[in-house]
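*Asks:* Can you read through this structure? Questions will come right after.
Rule-based calculations on the coordinates, nothing more; no lab input. Note that the structure is a prediction, hence the values are computed from the model and not measured. Positions of Cβ are generated from backbone atoms using ideal geometry, with glycine treated the same way; all protein chains shown enter the neighbour counts.
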Amino acid sequence: MNAAVASIRDYLRDVVAGWNRFWFAAVDPATLSAIRICAGLMLFYTHLVWSLDLQAFFGQNNSWLPRELLAQQGVHSQYVWSYLWWIKTPGMLRAAHIAALVVFALLTVGFMSRVMSVLAYVIAVSYVHRVMPGAFFGLDKINCMLALYLMLGPSGACFSVDRWLAKRRAGGNLPPPRPSVGANVAIRLIQLHMCIIYLFSGLDKLQGVYWWDGTAVWWSVANLEYQSLDMTWLAHFPVVVALMTHVTVFWELFYSVLVWHRRWRPIVLLGAVVVHGGIAIALGMITFGLAMLIGNMAFLSPHFVRAVIGLVTRTNGAEQGRATSPAPALRAKSQAAR
């Protein structure tokens, strides 16, 4: 009996330890910082596009979705807030829009990253709430999701103006950024959010008859409304169409399981590149495909991220500021306690 109790206690202790390692282990913030750059660029570009007809989307009285109409439809509530509702004149709207673009640009380059990440989230959500449900799509949801989690960790710890300024103040002798629990929490939340997105996307596809009979990919590429690349030649290869259809469903359903395994992760992430790259090229959803790939970056290791950025910028690990491990300090503290 005592052995059984001890075994259960050890098992629960291991579960708790594993849970703490998963969520609260300090990690190199390089991956989160790389996501900041890519997500910041996406936020800047997608909001810059609104500039093409700012008044039509966000004007107080002359927009496609006036505030009064949204109020009649019950869109406004205490949970659906936007500072754009209180902007009255075209001049104020232009000024606020320019300020928003400045915030996204500063987030991208990593200047005052903590402040800009909070402002970027508030701005992104405000724009979405102002135009929904008329112009609210998957891209907007991914933008807001990434902006939300960037607030939780030190996204400006690497590859940023903040880092460069700190290095200048230290006379060029700034130590590498320390591993961060906040960076781990932010990355884990993005990872889990991506798993939920793909799982429910796959489950939703199971309700469609075209995903069962293997023709869904054909109906997608044959739709002239979305077609940006003529893929109708696939009609001559029905087996290929069926294979692409079923592999897509399988990949989405099992993404949340296979991506956690180190051996399967490269294949799963390669699948993300193929799926979203195909959507971007063949169906014209370039920004959505890129936004989803930015979310998938959460599964890239900091070492890989630093290697890629070092290759692009032609710098070595020391110049990039590789994160230091807290292990030496912990060992010294333990020896001092003895």
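*Asks:* First measure r as the distance between the Cβ atoms of F137 and L258, then evaluate 1/(1 + (r/R0)^6) with R0 = 30 Å and state the FRET efficiency to the nearest 0.05.
*Replies:* So, using R0 = 30 Å, E works out to roughly 0.65.
*Asks:* If you rank T313, T287 by fewest surrounding Cβ atoms within 10 Å, what's the result?
*Replies:* T313, T287
*Asks:* Moving on. Below 8 Å, C-alpha to C-alpha, sequence gap of six or more: please give me the relative contact order for segment 211-262 in percent.
*Replies:* 41
*Asks:* Then there is this: Multiply the residue separation of W19 and H236 by 0.36 nm, subtract the distance between their alpha-carbon atoms, and state the gained length in nm to one decimal.
*Replies:* Answer, rounded to one decimal: 73.1 nm.
*Asks:* Expressed in nm to one decimal, what extension gain is obtained for the pair V118 and F304 from 0.36 nm per residue of sequence separation less their Cα-Cα distance?
*Replies:* 64.2 nm
*Asks:* With the chain treated as a Gaussian network of Cα nodes joined by springs under 10 Å, which of L48, L32, L107 yields the largest mean-square fluctuation?
*Replies:* Fluctuation is largest for L48.
*Asks:* Cα-based Rg (one decimal) and Dmax (whole number) for segment 108-150, in Å?
*Replies:* 11.0, 33
*Asks:* Taking amide hydrogens as modeled 1.01 Å from N in the peptide plane, which residues meet the under 5 Å criterion relative to S180, leaving out close sequence neighbours?
*Replies:* Hits under the 5 Å cutoff: V27, D28.
*Asks:* Order of M116, M151 from fewest to most other C-beta atoms within 10 Å?
*Replies:* M151, M116
*Asks:* For segment 304-312, just list the computed ³J(HN,Hα) in residue order, Karplus coefficients 6.51, -1.76 and 1.60, θ = phi - 60°, integers in Hz, with x standing in for Gly and Pro.
*Replies:* 5, 4, 5, 5, 5, 5, x, 5, 5
*Asks:* Another question about this same structure. Using 1/(1 + (r/R0)^6) with R0 = 41 angstrom and r between the beta carbons of V5 and T313, what's the FRET efficiency to the nearest 0.05?
*Replies:* The pair V5/T313 has a calculated efficiency of 0.15.
*Asks:* Would you mind calculating the relative contact order of the chain from Cα pairs under 8 angstrom and at least 6 residues apart, reporting the percent as a whole number?
*Replies:* Over the chain, the number comes to 23 percent.
*Asks:* Using R₀ = 22 Å, calculate the FRET efficiency as 1/(1 + (r/R₀)^6) where r is the Cβ-Cβ separation of T215 and L270; round to 0.05.
*Replies:* My answer for the efficiency is 0.35.
*Asks:* Here is a follow-up. Can you classify the chain as rounded, prolate or oblate using the Cα gyration tensor, where a ≥ b ≥ c are the square roots of its eigenvalues, rounded means a/c under 1.5, and otherwise it's prolate if a/b beats b/c and oblate if not?
*Replies:* It comes out oblate by the Cα gyration axes.
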